[in-house]
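The values are calculated or read from the model by the stated rules, or taken from the named source; none is laboratory data. Everything quoted here is computed from the prediction, not taken from an experiment. FYI the Cβ positions are ideal-geometry reconstructions off the backbone, even for glycines, and counts take in every protein chain you see.
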Amino acid sequence: MGAGGGVTLVSDPTTEVVDLAATSLRELNSRLHALTGADGEPQRIVVANPRGRHNIAVGLDVPVEVVVDGHAGYYCAGMNKLADVRIVGNCGPGVAENMMSGSVVVEGNASQSAGATGRGGLLVIRSNAAGRCGISLKGTDVVVQGSIGPMGAFLAQTGRMVVCGDAGDGLGDSIYEARLYVRGSVAGLGADCVEKEMGEQHLAEVRELLERAGVSGVDAADFRRYGSARRLYNFDIDHAGEY
Amino acid sequence: MSQLEEFLTAPPPRPSLRESATFDRRTIAEIQRAAREGIYDIRGGGTKRRIPHFDDLLFLGASVSRYPLEGYRERCATDIVLGTRFAKKPLHLDIPVTIAGMSFGALSAQAKEALGRGATAMGTSTTTGDGGMTPEERGHSKTLVYQVLPSRYGMNPDDLRRADAIEVVVGQGAKPGGGGMLLGQKISERVAGMRDLPQGIDQRSACRHPDWTGPDDLEIKIAELREITEWEKPIFVKVGATRTFFDVALAVKAGADVIVLDGMQGGTAATQDVFIEHVGIPILAAIPQAVASLQELGMHREVQLIVSGGIRNGADVAKALALGADAASIGTAALIALGDNSPELDEEYRALGSAAGYYDDWQDGRDPAGISTQDDELAARLDPELGGRRVANYLRSMVLETQTLARACGKSHVHNLEPEDMVALTVEAAAMARVPLAGTSWIPGAGGNL
């Protein structure tokens with residue numbers, strides 16, 4: 001995995017390669033923003049030599065496939081709409097932040113705040129995610145095949161998060177209506193986050209998310225569900241100690 | 001009985017009533033309230049106590065050594081440009097007064113529309129708030145600044161592109177270091193939908209941004225916003241006034257086009273009283289720090305400075321500009337212009353346990369003026385067209401007052417006002433504003449550390 005290691009470039013008229021070793025980030029994003037989805041446009045853009053650059057493929061608004069062939073820095077695929085972005089490497093903080101729709105797949109690890117405030121679409125992290133994964137989530141579905149760091153789903157409002165490995169301390173702190181599923185251990189739950197019963201609909205939800213994320217060999221029955229106790233929804237002096 | 005006997009045998013006089021300066025009636029009432037309710041007091045507005053402010057400064061009008069301009073004839077320009085540093089499309093405003101960020105949620109849709117109408121009529125900008133952009137507000141605001149807040153409620157790239165400028169909110173003057181608050185009675189179905197929250201909860205906004213933590217991250221965040229919007233929009237960074245010299249320097253380093261500086265008099269829709277009254281510094285003390293920071297970086301006027309927090313009239317605007325700001329911004333004053341605390345509503349305020357001139361329960365959602373409410377019936381009382389007219393009138397008066405003072409100081413543009421045009425009435429104001437105490441050449445602390 002890494003720069004140049006994950007994509008085989010073929011002579012294909014529907015694929016366009018933008019080499020960040022020779023092209024500026026501004027030109028790349030400008031090119032991506034200019035796409036309209038019309039006939040004759042490339043259906044796939046390969047970003048070569050990303051070399052950890054920040055803000056790659058941000059603000060996309062068209063159903064195009066983008067492959068970032070290597071490691072990306074901060075905010076890769078930020079505010080993504082409609083596009084399917086695949087990062088063949090690791091990525092820095094805030095990958096797919098505030099995503100509206102489409103999908104973002106990180107083949108490696110993701111740094112902190114992955115999927116922050118996302119409002120739609122699907123974020124898949126094939127390896128581990130650092131702290132605050134899914135922070136302030138507002139509707140995005142997040143599937144992490146590895147483990148997540150502390151304060152996962154902090155203040156998460158809506159959306160779903162599936163963690164196939166372990167979760168760090170403070171999971172779901174101050175959570176609202178987001179639904180969390182963790183297969184491994186949870187180091188600790190945050191304020192107002194509690195374990196909840198796994199019903200049939202929840203098993204189905206986990207199965208659906210794993211399938212959409214392309215994760216196989218994992219049994220939905222191994223997951224435990226966490227969500228809001230709703231004790232902090234309204235100010236109540238008797239719950240002040242919970243904060 | 002003789003007079004002497006009467007005096008000696010009379011009961012001792014009733015002890016005179018003496019209110020404690022430490023435990024005054026307000027303090028006693030607050031202790032009693034806290035003992036009853038068991039929770040801090042939450043209210044709207046800004047600080048209510050007397051703190052050094054623009055009233056403590058005076059202009060030195062022109063005389064023998066300075067040349068004034070004719071009050072009603074000679075031109076005194078008021079136009080400003082914001083965002084000249086990096087943005088392809090800077091904002092060109094006709095007046096140096098803007099409308100500050102206030103959320104739909106905190107305010108009714110009618111109030112937001114009225115603010116947009118008023119600002120547009122006067123050729124200035126208005127600002128969204130911690131709740132996203134409403135179509136009413138966008139539709140009636142020629143120039144709209146879109147806030148990017150820690151909560152990111154309603155945040156989306158379409159509105160980002162629809163905006164004329166972007167304001168990254170780090171903090172606000174009423175509560176630097178605190179997040180927003182909107183109590184359940186104002187989380188209506190529409191507000192809840194825009195914020196992706198359950199209806200009726202007491203909503204606590206985050207106080208930290210979810211995807212950046214310091215100035216180096218902020219620089220990358222600003223670059224992201226620029227990339228998404230093709231480097232067209234000016235990017236503001238708003239800070240509450242605290243460690244202003246350093247905050248301004250770091251915001252400039254992070255790439256801000258414009259700094260928005262909000263002093264502790266700045267209002268809020270709902271915050272703990274203890275926060276409002278005890279955190280942050282007066283705008284008077286903050287502006288010179290911000291200007292010194294910009295000057296040290298060689299960025300004064302290159303990065304524009306908008307100041308807010310207790311701006312009430314043209315004198316405040318003129319003094320803020322003279323201290324080095326490029327524009328002033330109003331929030332509370334704009335709500336008063338819309339009809340907040342109107343004497344005609346006194347009876348209704350009294351029914352809520354308040355009175356006209358005192359009402360600050362903006363968190364409560366029962367505002368009889370239809371401004372700080374989400375109740376359809378109350379909100380319908382505010383006619384956006386009339387409200388817009390009132391805001392425009394008020395802005396017009398402020399601008400005329402600003403020009404009056406600028407002309408008296410011999411300035412053909414309000415931006416030509418300078419610290420040398422002013423003196424201070426108090427030692428405190430002289431030290432904070434860095435202008436001499438009236439009648440002296442003494443600036444306390446001049447040459448000292450910031």
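Structure summary
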| item | result |
| --- | --- |
| Entirely in segment B:124-215, the strands (runs of 3 or more DSSP E) that have 2 or more residues that are within 14 Å of chain A (Cβ to nearest Cβ) | B:143-148, B:165-169 |
| Residue list for segment A:112-146, restricted to those being more than 10 Å from chain B (Cβ to nearest Cβ), surrounded by fewer than 24 Cβ atoms within 10 Å (Cβ to Cβ) and in a loop (DSSP other than H, G, I, E, B) | A:Arg126, A:Ser127, A:Asn128, A:Ala130, A:Gly131, A:Gln145, A:Gly146 |
| Test: residue in segment B:303-310 that is surrounded by 24 or more Cβ atoms within 10 Å (Cβ to Cβ) and either outside any strand (DSSP E or B) or at pLDDT below 95 (or both) | yes |
| Number of positions in segment B:97-114 that are out of contact with any helix residue (DSSP H, G or I) (no Cβ under 6 Å at 6 or more places or on another chain) and not small (Gly, Ala, Ser) | 3 |
| Qualifying residues in segment B:221-268 (those that are surrounded by 24 or more Cβ atoms within 10 Å (Cβ to Cβ) and touching a Ser or Thr at 6+ places or on another chain (Cβ under 6 Å)) - the one nearest to the other protein chains (Cβ to nearest Cβ) | B:Gly267 |
| Residue match in segment A:36-49 (condition: part of a loop (DSSP other than H, G, I, E, B), crowded, with 17+ Cβ neighbours inside 10 Å and touching a Lys or Arg at 6+ places or on another chain (Cβ under 9 Å)) | no |
| Test: residue in segment A:104-111 that is within 21 Å of A:Glu208 (Cα to Cα) and not in a strand (DSSP E or B) | yes |
| Hey, A:Gly172 under 24 Å from A:Ser111 (Cα atoms) and either touching a Pro at 6+ places or on another chain (Cβ under 9 Å) or surrounded by fewer than 21 Cβ atoms within 10 Å (Cβ to Cβ) (or both) or not | no |
| Qualifying residue in segment B:23-32 (condition: in contact with a strand residue (DSSP E or B) (Cβ under 9 Å, 6 or more places away or on another chain), at pLDDT 90 or above and either surrounded by fewer than 21 Cβ atoms within 10 Å (Cβ to Cβ) or part of a loop (DSSP other than H, G, I, E, B) (or both)) | no |
| Single unsatisfied condition, B:Ser293 versus (1) in contact (Cβ under 8 Å) with a residue 40 or more places away in the chain; (2) within 14 Å of another protein chain (Cβ to nearest Cβ); (3) in a helix (DSSP H, G or I) | (2) |
| A:Gly94 being in contact (Cβ under 8 Å) with a residue 60 or more places away in the chain and crowded, with 24+ Cβ neighbours inside 10 Å | no |
| Test for B:Ile51: is it outside any loop (DSSP other than H, G, I, E, B) and of a type in the set (Val, Ile, Thr) | no |
